[in-house]
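The values are calculated or read from the model by the stated rules, or taken from the named source; none is laboratory data. Since the structure is predicted, the reported quantities are computational estimates derived from the model, not experimental observations. Here Cβ is always computed from backbone atoms with ideal geometry, including for glycine, and neighbour counts include all displayed protein chains. For accessibility, only protein heavy atoms count, side chains too; no ligands or nucleic acids. Shrake-Rupley method; radii C 1.70, N 1.55, O 1.52, S 1.80 Å.
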Amino acid sequence: MTYAIEATGLTKRFGDTQALAGVDLAAREGTVLGVLGPNGAGKTTAVRILATLLQADSGTATVRGLDVVKDAAAVRQQVGLTGQYASVDEDLTGTQNLVMIGQLLNLTSRDAKARAAELLAWFDLTEAAGRMAKTYSGGMRRRLDLAASLVGRPAVIFLDEPTTGLDPAKREEMWDVVRRVVSDGSTVLLTTQYLEEADALADEITVIDHGRVIAHDTPDGLKHIVGGQRVRVRPTDPSRTGDVRQILAEVTGTEPGETSRHEITARVQDDTLLPALVERITAAGITVHEFSLHLPTLDEVFLTLTGRRAADETAEEAA
C-alpha cells in the first residue's frame, strides 16, 4: 500500500506542555484523512510538523516518501497548506494574490497568470478577480486562500480547519472544492471541529486526544465503537413515551434512552428486530412522528472516546 503521508511516534513539547506524545498518522494516496480531536489535542502541531513548519522532538514523518526534516525543501515542493484563517494579502486583488504565489514558486509571469485565471474560474471567483481581497466575503476569502495553496499543483494538501467561521452553506461549497481536489489526484489531510465535515469527506479518521492517537478507522468503523446501530422512535403523543420505552426494552433487550425531544432510542444489534418493533408499536395504538434505524453519529463517537462533545470545543489555538 502506498502512503502519501506517513508519521510514526511524533512527539513535541512546548515548555511544560506535551503537545504530541507519540502520534502515528498514515494517509493513502488519493484519499482524505480526517484528524479529529478536542481543543489542544495536538492536531495543528502535527500538521505544522508534516508541512515542515516545525520539527518534532522525536519520531519520523514522510510525505510521498520524502523525510520532512532531511528533505524539507523537496517536501515543500509537494505540499500545499491552508490554515485556520485566510492568509491572503487583503490589499492585493484575487489575481495579484495568486500570481504572486506563482512567481514565488518560480513560475514565469505568463504561466503564473494562466494558473491564476484557471484557479479563479475553478473557485467561481472570476468576476471578483480584479477586486482587492479585503472586499471579499468570508467564504470568498477562504476559497481564494485554498486556491493559493493549489497554485503549485501540490500532490498533498493540508487543510487545518478550513471552514472555521463559515456558515453551513459556505462550508458545503468548500466540501465540493475538497472533493474536486481529491478527484484530481491529490491527497488531503483535513483537521476539523465539525464532525459532519469529517463524516462527509474523510475516507479514514484518526482521533487524537492529549497528544495521543486514541482511535483510527473509517467513519462507519468508528461509529460501531459505540455499539452498532440505534433505533429512534418519537411518538406523536409525548405521553406515550413510557409505552414506547417499554416496548423497545422488551424487543431489543437493552435499556433505552430518551432525548429532550421525547425521542426514545435504543441500541439494536440485529436489524431484523425492526418488523417486531413496528408490529408491537402498531398493536399498542401508538402513532409516531419518527421511526428510524441509524448508525451512531460521529459526535456520539467523539463523546465516547474523549468524554466530551465536539460542539463544546473551540478551534485549537496555535502553540
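Listed here are the residues, each with its yes/no results for (1) at pLDDT 85 or above; (2) open to solvent by 40 Å² or more (accessible area, probe 1.4 Å); (3) part of a loop (DSSP other than H, G, I, E, B); (4) of a type outside the set (Val, Ile, Thr).
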| site | (1), (2), (3), (4) |
| --- | --- |
| VAL231 | yes, no, no, no |
| ALA249 | yes, no, no, yes |
| PRO275 | yes, yes, no, yes |
| GLY285 | yes, yes, yes, yes |
| PHE302 | no, no, no, yes |
| GLU317 | no, yes, yes, yes |
For the range 122-138, which residues satisfy the criterion of being open to solvent by 10 Å² or more (accessible area, probe 1.4 Å), part of a helix (DSSP H, G or I) and more than 25 Å from GLN77 (Cβ to Cβ)?
THR126, GLU127, LYS134, THR135, GLY138
Residue check for ARG110: of a type outside the set (Ser, Thr, Tyr), closer than 20 Å to VAL188 by Cα, open to solvent by 40 Å² or more (accessible area, probe 1.4 Å) and not in a strand (DSSP E or B):
no
Filtering the range 266-303 down to residues that are touching a Pro at 6+ places or on another chain (Cβ under 6 Å) and under 26 Å from ILE214 (Cβ atoms) yields none
Considering only strands (runs of 3 or more DSSP E) wholly within the range 10-67, the ones with at least 2 residues that are over 18 Å from GLU204 (Cα atoms) are 17-28, 58-63
Looking only at the range 68-107, filter to residues that are closer than 30 Å to ALA26 by Cβ and over 25 Å from the mean Cα position of the chain (by Cα); which one of those is most open to solvent (accessible area, probe 1.4 Å)?
LYS70
Flag for ASP220 being surrounded by fewer than 18 Cβ atoms within 10 Å (Cβ to Cβ) and either farther than 30 Å from TRP122 by Cβ or hydroxyl-bearing (Ser, Thr, Tyr) (or both)
yes
Report, by residue number, each residue of the range 161-170 that is under 8 Å from GLY139 (Cα atoms) and either part of a loop (DSSP other than H, G, I, E, B) or open to solvent by less than 30 Å² (accessible area, probe 1.4 Å) (or both).
LEU166
Return only the number of the condition from (1) open to solvent by 60 Å² or more (accessible area, probe 1.4 Å); (2) in contact with a Phe, Trp or Tyr (Cβ under 9 Å, 6 or more places away or on another chain) that ASP237 does not satisfy.
(2)
Which numbered condition MET174 fails, given (1) buried (at least 17 other Cβ atoms within 10 Å of the Cβ); (2) touching a Leu at 6+ places or on another chain (Cβ under 6 Å):
(2)
Mind checking which residues of the range 23-54 are in contact with a helix residue (DSSP H, G or I) (Cβ under 7 Å, 6 or more places away or on another chain) and free of Cβ contacts under 8 Å to residues at least 40 places away in the same chain?
THR52
Across (1) of a type outside the set (Asp, Glu); (2) crowded, with 20+ Cβ neighbours inside 10 Å; (3) part of a helix (DSSP H, G or I), ALA200 clears everything bar (2)
Reported set for the range 1-47 where residues are β-branched (Val, Ile, Thr), at pLDDT 95 or above and open to solvent by 60 Å² or more (accessible area, probe 1.4 Å) is THR8
Being touching a residue at least 24 places away in the same chain (Cβ under 8 Å) and over 20 Å from PHE123 (Cα atoms) narrows it down to one of VAL188, VAL182, VAL213, so name that one.
VAL213
